[in-house]
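Peer 1: The structure follows.
Read the figures in this text as sums done on the coordinates, not as results from a lab. From a predicted model like this one, the values you see are computed outputs, not experimental measurements. In this analysis, Cβ positions are derived from the backbone assuming ideal geometry, glycine residues included, and neighbour counts consider all displayed protein chains.
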Amino acid sequence: MNKIPMTEEGYNRLRAEQKRLKMVERPAIIRALAEARDHGDLAENAEYHAARDRQGFIEGRLREIEDKIARAEVIDVKRLSGSVVKFGARVTVADGDTDEEQTFQIVGEDEADVREGRLSITSPLARALIGKKLGDTVEIETPRGARSYEVLKVAFG
């Protein structure tokens, strides 16, 4: 069973979604199914079929979340230190072409949101940055062609 690295914040977000699905969404869909059944003929009842579809989505998402929680390897970023890029690091890079600086935190897949500065550990840029240190340059292939980035800062916490 492969472990899934995630920050404590990402783990807590998954737990909150699990709780919401179990305590709010699941009971609401059960009520919606009961109401739809009361309306009669299920074969031609669009509300019933929509509720069943939603129920299937909720149950599937719950199974997915429970699997990820069971395999979670929660990494406490506050306890990490050093000058080498690794999971949880906040990395400031400069684009080799434009000198534009960007800061990313390397996080688990479910936590990633580039607009928020959270980069998935499985993304090409994060994979290229892992193991690098201040001053190192990485090159990655993007849809726009090859790009290079220089590591300007590595921080944790």
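Peer 1: Output needed for the chain: three equivalent-ellipsoid semi-axes, defined as square roots of 5 times the C-alpha gyration tensor eigenvalues, in descending order, whole Å.
Peer 2: So the equivalent ellipsoid measures 43, 18, 11 Å along its semi-axes.
Peer 1: What is the local net charge at Arg61, summed over the other residues whose Cβ is closer than 12 Å to its Cβ (Lys, Arg +1; Asp, Glu -1)?
Peer 2: Residues close to Arg61 contribute a combined charge of -1.
Peer 1: Between Arg127, Arg71, Arg144, where does the largest GNM mean-square fluctuation fall for the chain, given springs only between Cα atoms within less than 10 Å?
Peer 2: Largest GNM mean-square fluctuation: Arg144.
Peer 1: Counting each pair of different Cα atoms once, what's the Kirkwood radius of the range 1-42 in Å, rounded to one decimal?
Peer 2: Its Kirkwood hydrodynamic radius stands at 12.8 Å.
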